[in-house]
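Contents: one structure, followed by commentary.
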Amino acid sequence: MIALQVALVLLRELLRTLLVPLRLCGYLPFRHHWRRLAMQALEQARDAAPSDADHELAEFLQKARPSRAARPHLFVSAGEASGEQHAANLVRALPDTVRTSAFGGSVLAATGATVRFQLSEHAVMGVFGVLKQLPLILRAFADYLRLLRDDPPDLVVLVDYPGLHVVMAKAAKRRGVPVLHYVAPQYWAWGPWRMRRYRRAVDATLTILPFETAFFRRFRIPASYIGHPLLDELAQHPPDPAATAAVRARRTLVLMPGSRKKEIATNLPGLLRVAAALRARDPGLRIVLPHKNPRRTKLLRELLQQHGADHVEHHEGTLSHWLAGAHLILAKSGTGSLEACLHGVPTIVVYQLLGLLGTLGYHNILSVPWIAAANLIAGRRVVPEHCFAGDGGWARVQADAERLWFDADARSTAIADLADVRRRLGAPGATARTARIVQSFLFPSHP
């Protein structure tokens with residue numbers, strides 16, 4: 001029976017994948033409508049006061065029922081490393097009276113959760129990554145279906161990783177198990193037609209960007225902004241003052257080309273060209289390429305050698321003191337660019353597109369006016385961002401870099417704008433807020 005269910009889900013998902021071109025064709029005539037909805041959500045969030053999660057999630061919390069067992073059973077799933085860290089922090093914040101089973105890896109196992117499948121140890125991205133790991137994904141899904149049948153949890157919390165997790169959410173909903181999604185998917189930016197399916201799959205979603213809640217609630221999905229986990233990380237591990245002062249002692253340019261191999265290989269050569277142009281005007285500057293993933297050290301050093309960038313320092317390990325002490329940061333779009341912005345240092349966000357499909361997608365499918373999280377949070381352009389195909393866009397990046405490196409007025413404005421971004425994100429405590437929501441659901445008689 002489980003094998004048949006897995007086969008039917010696989011068939012349905014393959015059919016959905018084949019229909020994506022048709023869905024895109026159906027979306028394109030209405031893309032301006034979706035862009036208006038996204039802008040309305042951005043504008044609404046810009047002036048909105050903080051809301052109470054219990055009020056926003058009242059419909060979800062009303063689905064809570066007393067546990068069928070002596071201890072409430074929670075199932076948590078994380079499909080990649082950053083999501084697993086969020087999941088582990090959540091499990092640690094819950095009382096010991098919660099029994100937790102999980103898909104994840106060693107980080108979740110260290111919390112005492114029963115890890116049934118090492119999902120985060122085999123993180124996959126994109127269609128080809130899924131196809132390559134399809135047997136593993138099918139085994140994981142079959143194990144999940146057995147859990148729902150033999151030991152159904154009182155609540156399923158799925159962390160980020162929307163591709164597989166939406167499928168898992170639908171399976172739980174079919175069996176009457178409530179689903180909470182922690183770190184809402186960016187459907188507001190890419191493929192908003194997926195919101196209808198998402199609404200049918202989850203009972204509530206937790207957002208980490210303030211404007212997202214308005215967008216999800218527009219589609220009648222209970223949503224609450226719980227804060228950004230980066231704020232928790234910065235509060236728990238602030239930059240070392242002595243190390244930061246040492247970086248500030250010399251004007252430093254920090255390069256952040258991304259975390260994945262392909263994006264590093266794509267973006268680093270252009271970043272090095274911009275750095276070389278700045279160095280020609282300011283020979284005393286220091287250029288640093290910090291990276292916290294030791295698995296990328298070999299690639300980064302090979303690329304530096306290949307491009308004759310012996311003057312660029314590569315440092316492995318923590319980023320915070322480099323980001324806090326930098327004079328300017330050039331960052332590939334993503335979570336790393338927001339982390340850079342939260343340190344209050346002038347930052348330029350870049351993303352070099354690959355191929356015709358990437359270029360067409362950026363110009364025709366993206367439904368928000370910016371790609372940089374800082375700009376989306378502020379509801380206006382507060383950091384320069386450049387998304388382009390080919391090498392021509394790097395000249396514009398260089399012009400902005402020279403302005404923010406040498407122009408004191410431009411730097412002051414940028415620093416003030418970034419302080420506003422951090423203020424809009426609110427206070428740290430994303431994990432604590434999420435734990436309180438989960439605990440309220442699992443223990444409905446003890447608010």
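The values are calculated or read from the model by the stated rules, or taken from the named source; none is laboratory data. As the structure is a prediction and not an experimental result, all values here were calculated from the model. Note: ideal-geometry Cβ built from the backbone for every residue, glycine included; neighbour counts use all protein chains shown.
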* Tell me the helices (runs of 4 or more DSSP H) entirely within region 6-105 that contain at least 3 residues that are modelled with pLDDT of 80 or more and more than 19 Å from His228 (Cα to Cα). => 31-47, 58-61
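For region 302-312, indicate whether the set of residues that are touching a residue at least 40 places away in the same chain (Cβ under 8 Å) and either in the same structural domain as Gly390 (by TED's automatic domain parsing) or closer than 23 Å to Pro384 by Cα (or both) is non-empty.
Keep residues of region 302-312 that are touching a residue at least 40 places away in the same chain (Cβ under 8 Å), which gives 312.
Okay, now just the ones that are also either in the same structural domain as Gly390 (by TED's automatic domain parsing) or closer than 23 Å to Pro384 by Cα (or both), so 312.
Yes, region 302-312 contains at least one residue that is touching a residue at least 40 places away in the same chain (Cβ under 8 Å) and either in the same structural domain as Gly390 (by TED's automatic domain parsing) or closer than 23 Å to Pro384 by Cα (or both).
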* Only one of these is buried (at least 23 other Cβ atoms within 10 Å of the Cβ) and either assigned by TED's automatic domain parsing to the domain that holds Ala331 or modelled with pLDDT of 95 or more (or both): Ala265, Ala204, Ala245. Name it. => Ala204
* **Residue ranges of helices (runs of 4 or more DSSP H) in region 192-237 with at least 2 members over 16 Å from Ala38 (Cα atoms)** => 195-201, 229-236
* Of the residues in region 390-402, how many are under 16 Å from Ala326 (Cβ atoms) and either out of contact with any helix residue (DSSP H, G or I) (no Cβ under 7 Å at 6 or more places or on another chain) or basic (Lys, Arg) (or both)? -> 1
* Considering each of Phe219, Phe215 in turn, give the residue that is outside the structural domain of Glu339 (by TED's automatic domain parsing), surrounded by 23 or more Cβ atoms within 10 Å (Cβ to Cβ) and modelled with pLDDT under 90. => Phe215
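Does Thr205 qualify as being within 24 Å of Pro428 (Cβ to Cβ), among the polar types (S, T, N, Q) and in contact with a His (Cβ under 7 Å, 6 or more places away or on another chain)?
Working: within 24 Å of Pro428 (Cβ to Cβ): yes; among the polar types (S, T, N, Q): yes; in contact with a His (Cβ under 7 Å, 6 or more places away or on another chain): yes.
Spelling it out, Thr205 is indeed within 24 Å of Pro428 (Cβ to Cβ), among the polar types (S, T, N, Q) and in contact with a His (Cβ under 7 Å, 6 or more places away or on another chain).
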* **Residue tally, condition under 20 Å from the mean Cα position of the chain (by Cα) and assigned to a helix (DSSP H, G or I), over region 362-397** => 7
* To do: Could you please let me know if Arg381 is within 24 Å of Ala277 (Cβ to Cβ), surrounded by fewer than 14 Cβ atoms within 10 Å (Cβ to Cβ), in the same structural domain as Arg248 (by TED's automatic domain parsing) and of a type outside the set (A, V, I, L, M, F, W, C)?
  => yes
* Asked: Which residues, taken from region 64-100, are surrounded by fewer than 17 Cβ atoms within 10 Å (Cβ to Cβ) and either over 20 Å from Met168 (Cα atoms) or touching a Phe, Trp or Tyr at 6+ places or on another chain (Cβ under 8 Å) (or both)?
  -> Arg65, Pro66, Arg68, Ala69, Ala70, Arg71, Arg92, Ala93, Pro95, Asp96, Thr97
* To do: Among the residues of region 57-91, write down those that are touching a residue at least 40 places away in the same chain (Cβ under 8 Å) and basic (Lys, Arg).
  => Lys63, Arg65, Arg68
* Select from region 400-447 the residues that are part of a helix (DSSP H, G or I) and of a type in the set (Phe, Trp, Tyr) and list them in ascending order. => Trp405, Phe406, Phe441
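Considering only residues of region 385-430 that are basic (Lys, Arg) and surrounded by 13 or more Cβ atoms within 10 Å (Cβ to Cβ), which is farthest from Ile348 (Cα to Cα)?
Within region 385-430, the subset basic (Lys, Arg) is 396, 403, 411, 422-424.
Imposing the further condition that a residue be surrounded by 13 or more Cβ atoms within 10 Å (Cβ to Cβ) reduces the set to 396, 403, 411, 422, 424.
Working: Arg396: 11, Arg403: 11, Arg411: 12, Arg422: 16, Arg424: 20 Å.
Top of the filtered list is Arg424.
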* To do: From Gly344, Gly390, Gly336, Gly361, grab the single residue that is small (Gly, Ala, Ser), modelled with pLDDT under 95 and at positive phi.
  => Gly390
* Asked: Is there any pair with a first residue in region 254-267 that is of a type in the set (D, E, K, R) and a second that is surrounded by 17 or more Cβ atoms within 10 Å (Cβ to Cβ) and not in a loop (DSSP other than H, G, I, E, B) whose Cβ atoms are under 8 Å apart and which are 6 or more apart or on different chains, and what are they?
  -> Lys261/Arg296; Glu263/Lys332
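Would you point out the residue of region 230-242, among those that are crowded, with 17+ Cβ neighbours inside 10 Å and not aliphatic (A, V, I, L, M), that is modelled with the highest pLDDT?
Going through region 230-242, the residues crowded, with 17+ Cβ neighbours inside 10 Å turn out to be 230-234, 239.
Then keep just the ones that are not aliphatic (A, V, I, L, M); that gives 232-233, 239.
On the way: Asp232: 93, Glu233: 91, Pro239: 96.
Filtering first and then ranking leaves Pro239.
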* Within region 306-340, can you find the residues that are touching a His at 6+ places or on another chain (Cβ under 9 Å) and hydrophobic (A, V, I, L, M, F, W, C)? -> Leu319, Trp322, Leu323, Ala324, Ala326, Ile329, Leu338
* Structure fact -> Val397 fails exactly one of (1) within 16 Å of Ile329 (Cβ to Cβ); (2) β-branched (Val, Ile, Thr); (3) modelled with pLDDT under 95, namely (3)
